[in-house]
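For reference, the structure discussed in these notes is given below.
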Amino acid sequence: MFSYSLRKRILITGGAGFLGSHLCERLLNDGHDVICLDNFFTGTRDNILHLLDNPHFEVLRHDVSQPLYTEVDEIYNLACPASPPHYQHDPVHTTKTSVLGAINMLGLAKRTGAKVFQASTSEVYGDPAIHPQPESYWGNVNPIGPRSCYDEGKRCAETLFFDYRRQHQLRIKVARIFNTYGPRMHPNDGRVVSNFIVQALRGDPITVYGDGLQTRSFCYVDDLIEVFVRLMDSPDDLTGPVNTGNPGEFTMLELAQKVIELTGSKSKLVHKPLPHDDPKQRQPDITLARERLGWEPKIKLEEGLRPTIAYFDQLLRSGQ
Ligand code: NAD
Ligand code: UDP
Ligand code: UDP
């Protein structure tokens, strides 16, 4: 008798980043072998230090824009800098990461027969003319602006995923991720939740861009990781794209207020210019995830901000 193991070999690109490190942890806890691939551009070993002793965990310093030959059962392709200052630092490399990275991971999936998951983004909707955004909305994206390396790179990656499915019958899973926050976000990546919390903890002015009336919907990381795993485990006909995020919508002023309340900070708000092409509003329509995956976020903003604040508080105290 053969005994078949339920343990899978799972490759996570961008595994040392914010979302990737939580996913590594979750899949190890579920009993799998995890290969964490990262070039450590925005990710850090600190995010995965606690996993390094696990014999089922392996780290590979590699750039996803280069080919990779290995044997795997599943691939989560998360490698890509995610915040505007980071992805605009070397915009050409950002496009290469998304496009060549997708080609390489799809090539790897084709050769090994692995299922492959793409971390796409709500940025594919650009500055949306439809609100909230369903997956059927094609978006309103500037192809030549400073955000385009990220937005168009991710759009092209989606195209490649669907072409590999049509042409080579690959099993693909595409998640369009909306703003997510939680412990292990990069403290200097310029994203609003980390900026506001770090500023509040330091007693520095809280930088609200524009009038602060633009909206975003914030999902706590644990909710997001749950839907990643459910999507990967879903039947093959569910390719996505699937919106993944929390539909609760807040203005940046409301977020600033909540952060001040929860940190007990004396910081004051200062207004700064709105960045180029900054979307005015964003909220996921998660009907598809609700109906096909039985998923919806459970963690309210206030509830998720507490552990996030505690994380940054500890980070600042340790002098990092
Ligand atoms: P992150 O910057 O913390 O993680 C990205 C990881 O990818 C980092 O560890 C980085 O070092 C690595 N990386 C970057 N370029 C690479 C390359 N060429 N080769 C190998 N590794 C590379 O960001 P995150 O928030 O964890 O985002 C993970 C994924 O989710 C990204 O693809 C991002 O576009 C997507 N996403 C995130 C959010 C969010 O709110 N966090 C929203 C939408 C989409
Ligand atoms: N590739 C890879 N690992 C593999 C197989 C392929 O990194 O195990 C890369 C390789 O760089 C290749 C790309 O994926 O160029 C696309 O592979 P595919 O088989 O689709 O195309 P081709 O090999 O014909 O270019
Ligand atoms: N933002 C802000 N202050 C900051 C950082 C960001 O007001 O210090 C605003 C930003 O202009 C945007 C929103 O917060 O309207 C979310 O920005 P983030 O970069 O976190 O995500 P994205 O724009 O990619 O949704």
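Nothing in this text is a laboratory measurement; each read-out follows from the coordinates by a stated rule. Quick caveat, the model's predicted, so the values are computed rather than measured. Glycine gets a Cβ as well: all are built from the backbone with ideal geometry, and neighbour counts include every protein chain shown.
Applying Stokes-Einstein at 10 °C and 1.306 mPa s to the Kirkwood radius of region 170-262, computed over alpha-carbon pairs, gives a translational diffusion coefficient of 107 µm² s⁻¹. Of the residues Val99, Asn29, Val64, the one whose Cα sits farthest toward the positive end of the charge dipole of region 1-107, with +1 on the Cβ of Lys and Arg and -1 on the Cβ of Asp and Glu, is Val99.
What is the list of residues in region 295-320 whose amide nitrogen lies under 17 Å from a point 7 angstrom out from the Cα of Asp30, following Cα to Cβ? Inside the label zone: 295-297.
With n ≥ 4 as the cut-off for DSSP H runs, can you work out [θ] at 222 nm for the chain, using -39500 (n - 2.57) per run divided by the number of residues, rounded to the nearest 500? Mind dumping the intermediate values first?
Values: 9 runs with 118 residues, N = 320.
Taking each H run of at least 4 residues, the total per residue is -11500 deg cm²/dmol.
When +1 charges are put on Lys and Arg Cβ atoms and -1 charges on Asp and Glu Cβ atoms, the dipole computed for region 177-247 relative to its Cα centre reaches about 340 debye. When every Cα-Cα distance of the chain is counted in 20 angstrom steps from zero, the calculated P(r) takes the values 33, 60, 8, 0 percent. Across the chain, the mean sequence separation of Cα contacts (distance under 8 Å, 6 or more residues apart), normalised by length, yields a relative contact order of 17 percent.
3J(HN,Hα) couplings calculated from phi for region 83-96 with the Karplus curve 6.51 cos²θ - 1.76 cosθ + 1.60 (θ = phi - 60°) are, in sequence order, 9, x, x, 6, 6, 8, 5, 9, x, 5, 5, 4, 5, 4 Hz; Gly and Pro show x. Working from Cα positions, state the angle (0 to 90°, nearest 10) between the long axis of helix 252-263 and the longest principal axis of the chain. Rounded to the nearest ten degrees, it is 80.
Give me the lysines in straight-line cross-link reach of Lys258: C-alpha distance below 26 Å, same-chain residues under 8 apart excluded. Result set, ordered by chain and number: Lys266, Lys268, Lys272, Lys280, Lys298, Lys300.
Sparse packing (at most 14 other Cβ atoms within 10 Å of the Cβ) combined with a DSSP loop state is found for the following chymotrypsin sites (Phe, Trp or Tyr not before Pro) in region 33-113: Phe40, Tyr69.
A cut-off under 12 angstrom between Cβ atoms defines the neighbours of Ala109, and their net charge, with Lys, Arg +1 and Asp, Glu -1, is +3. Taking the Cα centre of region 3-45 as origin and assigning +1 to Lys and Arg Cβ atoms and -1 to Asp and Glu Cβ atoms, the resulting dipole is close to 80 debye. For region 24-60 versus region 76-130, the inter-centroid distance based on Cα atoms is 20 Å.
How large is log10 I(q)/I(0) at q = 0.25 Å⁻¹ when the Debye formula is applied to the Cα atoms of region 237-320, each weighted equally and without solvent? The calculated log intensity ratios at q = 0.25 Å⁻¹ are -1.22. The C-alpha atoms of region 74-202 occupy a region whose extents along the principal axes are 52, 32, 26 Å, arranged from largest to smallest. Ignoring lysines fewer than eight residues from Lys154 along the same chain, the ones with Cα atoms less than 16 angstrom from its Cα are Lys96, Lys173. For region 177-229, divide the Cα radius of gyration by the Kirkwood radius and give the resulting Rg/Rh value with two decimals. We get a ratio of 1.01 for region 177-229. Remark: region 74-204 carries a charge dipole of roughly 540 debye about the Cα centre, counting +1 on each Lys and Arg Cβ and -1 on each Asp and Glu Cβ.
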